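Chemist: Before I ask anything, let me first share the structure, which is written out below as structure tokens.
The values are calculated or read from the model by the stated rules, or taken from the named source; none is laboratory data. Just so it is clear, the structure is predicted and the values come from calculations on it, not from any experiment. Note: ideal-geometry Cβ built from the backbone for every residue, glycine included; neighbour counts use all protein chains shown.
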């Protein structure tokens, strides 16, 4: 969610910190700040709004430092003000930045106030820096003080702190919120996401849950939750991030919508045979008896799939339930991660746990995975876009979507590549069970071309979007596997245009939503030509009979025609198996063009963050 960048070097690190924050702007934030140390002097500069405001304030201040930390904040405790922006200081000695939420901050704040500490913000983070300062008075080192302090904090944190009295070291601690250490020559770096550091290093160490580390210019020392020194693997990253701009596109979101055919080709590359799925796409793992297991060892015995995800990823899981039960012959449950982790659930025999996340750091999904691993699932698998992320490292199997960096907060190509990964999982399970699945593979192979055809509808959808300029509500309808696509369409519209939108299974209209229908409520319908089309047409007539205006994205063979009460956009016929992926495209385009008309911040919509690393 929030962004963290830190550096300890011989050279000034101002530009490194600011550039790192810029690379994390896609995550969503409302304010930014830096703390720098030079020759024993601690300085902090903060600004509300975009990183460019911080950059300007930093340049005007002429503050420099060879050790520093920087942060972009997404408000949780306290409003959007400079005082609440990170870093937070204690007695002008310690500076700290933090991602996450400290749940027992009220209790700690009361104790600290009684000890004479003055609070300058409303944040839970300021409690952390004062607690560490208090413990530092009787500790041998800042490292020891942090190791004591983290035992007092309840909640989630990825935190970075330094002491101006020893400016050549930075201490980092991770619990529930990701941190990565970047390795340089005579300098080292810290960030909440490796993307922030790609300009200065390609060598990374991912901290594990409970780790505390001491980072200097020359050394990295890591200790686990028990205070025992440990070695963590160094990963060489080949990730690329096109941060040079949007090219000829007005927004990153539009660029990423148009990148979907290429993204899907990348997802499929080398993973399909003539009539099947290459199972090495899902990885392998070592079980408790040190026996190496491959995907085929798991898939042939799977009888049930439990999918856990949030937001857009949850919608992709809902589509997969239709696929898995129809084509692979296994039962499937799909649950929102924040609900799954807080209830008692039944584990079906021979159950495969599947988590889905673009970032691989979604807090609720990661917590659900850790809970589920204690409950007796035969194996865990993640579908993810970020190699080296927590979900990838902690799952037995991993399918990497290879969508490339997604900058727009509203997910587009990450969603479609997740769907492709789930459809390949369906085909792989069917394949290992000896079921017919070649038709799935053949349909998947046509997807890139079908997505390109769907993008050809952009001009007509842009014209249609003009009719949404004065709308405040919208209703999306779909049946079967298109119902989750309708849900995703509604989510996209509300995310970036701020129009209130809901989605319903079309058969549910008469059970309540018909009461909402009038000429001011646009109804968006996804209508591929399948066995449910006639039922869907009946639902559409129910809307028309009550004065509703319908916008239908329909198979070109389905005989929907535009008139005074209906705007029909024809979609080229596609195999029903891949229709959910293809029909996603026009709904993304509709949401985009409506948002442009509304004048909203398309790439960074208000109140939202790209990577949700807090509950």
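Chemist: Of the residues 391, 425, 419, only one is out of contact with any helix residue (DSSP H, G or I) (no Cβ under 7 Å at 6 or more places or on another chain) and assigned to a helix (DSSP H, G or I); which? Even if it seems obvious, please write down each step before you answer.
Modeler: On the way: 391 fails: out of contact with any helix residue (DSSP H, G or I) (no Cβ under 7 Å at 6 or more places or on another chain); 419 fails: out of contact with any helix residue (DSSP H, G or I) (no Cβ under 7 Å at 6 or more places or on another chain).
From the options 391, 425, 419, the qualifying one is 425.
Chemist: Follow-up. Against the definition (modelled with pLDDT under 90 and either in a loop (DSSP other than H, G, I, E, B) or more than 28 Å from residue 365 (Cβ to Cβ) (or both)), how does residue 238 come out, yes or no? Spell out how you get there, then give the answer.
Modeler: Numbers: modelled with pLDDT under 90: yes; either in a loop (DSSP other than H, G, I, E, B) or more than 28 Å from residue 365 (Cβ to Cβ) (or both): yes.
Yes, satisfied.
Chemist: Further question: Going through 83, 95, 35 one at a time, which residue ends up being surrounded by fewer than 20 Cβ atoms within 10 Å (Cβ to Cβ), in the same structural domain as residue 193 (by the TED database) and out of contact with any helix residue (DSSP H, G or I) (no Cβ under 6 Å at 6 or more places or on another chain)? Steps first, please.
Modeler: Working: 95 fails: surrounded by fewer than 20 Cβ atoms within 10 Å (Cβ to Cβ); 35 fails: surrounded by fewer than 20 Cβ atoms within 10 Å (Cβ to Cβ).
Checking each option against the conditions leaves just 83.
Chemist: Considering only residues that are under 20 Å from residue 554 (Cα atoms) and under 20 Å from the mean Cα position of the chain (by Cα), look in the range 588-602 and name the one that is surrounded by the most Cβ atoms within 10 Å (Cβ to Cβ).
Modeler: So the first thing to find is which residues in the range 588-602 are under 20 Å from residue 554 (Cα atoms), and the list is 588-594.
Right, trim to under 20 Å from the mean Cα position of the chain (by Cα) and you get 588, 591-592.
Numbers: 588: 28, 591: 32, 592: 27.
Filtering the range 588-602 for residues that are under 20 Å from residue 554 (Cα atoms) and under 20 Å from the mean Cα position of the chain (by Cα), the one surrounded by the most Cβ atoms within 10 Å (Cβ to Cβ) comes out as 591.
Chemist: Tally time: how many residues in the range 174-201 are more than 24 Å from residue 364 (Cα to Cα) and part of a loop (DSSP other than H, G, I, E, B)?
Modeler: Just the residues of the range 174-201 that are more than 24 Å from residue 364 (Cα to Cα), to begin with: 182-189, 197-201.
Keeping just the survivors that are part of a loop (DSSP other than H, G, I, E, B) gives 184-187, 198-201.
Final tally of qualifying residues: 8.
Chemist: As an exercise: evaluate residue 113 against (1) more than 18 Å from residue 207 (Cβ to Cβ); (2) touching a strand residue (DSSP E or B) at 6+ places or on another chain (Cβ under 7 Å); (3) surrounded by fewer than 20 Cβ atoms within 10 Å (Cβ to Cβ) and give the number of the one condition it does not meet.
Modeler: (2)
Chemist: Restricting to the range 461-490, name every residue that is touching a strand residue (DSSP E or B) at 6+ places or on another chain (Cβ under 6 Å) and assigned to a helix (DSSP H, G or I).
Modeler: The answer is 464, 482, 483, 485, 486, 487, 489, 490.
Chemist: Restricting attention to the range 526-538, does a residue exist that is at pLDDT 80 or above, crowded, with 17+ Cβ neighbours inside 10 Å and part of a strand (DSSP E or B)? Lay out the reasoning, then the answer.
Modeler: To start, the set of residues in the range 526-538 that are at pLDDT 80 or above comprises 526-527.
Now drop any that are not crowded, with 17+ Cβ neighbours inside 10 Å, which leaves 526-527.
Imposing the further condition that a residue be part of a strand (DSSP E or B) reduces the set to 526-527.
Yes, there is a match, as at least one residue in the range 526-538 is at pLDDT 80 or above, crowded, with 17+ Cβ neighbours inside 10 Å and part of a strand (DSSP E or B).
So that you can scan it fast, the table gives a plain yes or no per residue for (1) in contact with a helix residue (DSSP H, G or I) (Cβ under 8 Å, 6 or more places away or on another chain); (2) free of Cβ contacts under 8 Å to residues at least 12 places away in the same chain; (3) not assigned by the TED database to the domain that holds residue 411:
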residue	(1), (2), (3)
544	no, no, yes
548	no, no, yes
559	no, yes, yes
567	yes, no, yes
571	yes, no, yes
575	yes, no, yes
587	yes, no, yes
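Chemist: Which of the residues that make up the range 394-416 are in a helix (DSSP H, G or I) and closer than 23 Å to residue 377 by Cβ?
Modeler: Narrowing the range 394-416 to residues in a helix (DSSP H, G or I): 394, 413-416.
Residue satisfying the conditions is 394 alone.
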